[in-house]
Amino acid sequence: MHACVSCSFRTVECRVDYSVSEKCSECVRLSRPCSLTVSDAEWARLHSEIEEADRELDRAREAKQEVRARILRLKRKKQALQDKRKEMFDRETRNVEALELDEQRLPAPSSPGGLSQVSFGFLDRMSPVLAGNS
């Protein structure tokens, strides 16, 4: 049999009489806890700590499930928003294309003297007023 921690530290002989106590004689004499045996209180404390760890694990698992469910909801929401964005972009694109078609169908506006707007734009670039502003 090995010596208890207290007897090993003090380098004394460690003897146990189990008919009297579960502690060695030196620990009984000094009223110290003995490391040779485990008391009922130590077993109870250990059992209680194991139960608490089980409860914490259960709470953590529940929280993990809640987080997973939240992530799934957020992914679905994001996908719905992305789908809506695509639909809005497609609708806007169709509207722009329809407006462009309508503009192409309209007759070109005529200018006085038969000059086109492009011709006027060319004259504007050569204007001394514009050149002075540069």
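The values are calculated or read from the model by the stated rules, or taken from the named source; none is laboratory data. These figures come from a predicted structure and were not determined experimentally. Please note: Cβ atoms are built from the backbone with ideal geometry, for glycine as well, and neighbour counts cover all protein chains shown.
Looking at R61, R45, R68, can you tell me which residue is under 30 Å from C24 (Cβ atoms), modelled with pLDDT of 95 or more and either of a type outside the set (A, V, I, L, M, F, W, C) or within 57 Å of the chain's Cα centre (by Cα) (or both)? It would help to see each step written out before you state the result.
On the way: R61 fails: under 30 Å from C24 (Cβ atoms); R68 fails: under 30 Å from C24 (Cβ atoms).
Exactly one residue qualifies, and that residue is R45.
Kindly indicate whether any position in the stretch 7-23 is loosely packed, with under 11 Cβ neighbours inside 10 Å and part of a helix (DSSP H, G or I). Steps first, answer last, please.
Start the filter on the stretch 7-23 by keeping residues that are loosely packed, with under 11 Cβ neighbours inside 10 Å, which leaves 9, 11, 13, 18-20.
When the remaining residues are screened for being part of a helix (DSSP H, G or I), the result is 9.
Yes: the stretch 7-23 contains one or more residues that are loosely packed, with under 11 Cβ neighbours inside 10 Å and part of a helix (DSSP H, G or I).
Checked against (1) surrounded by 10 or more Cβ atoms within 10 Å (Cβ to Cβ); (2) at pLDDT below 95; (3) of a type outside the set (A, V, I, L, M, F, W, C), R76 passes all but a single condition, namely (2).
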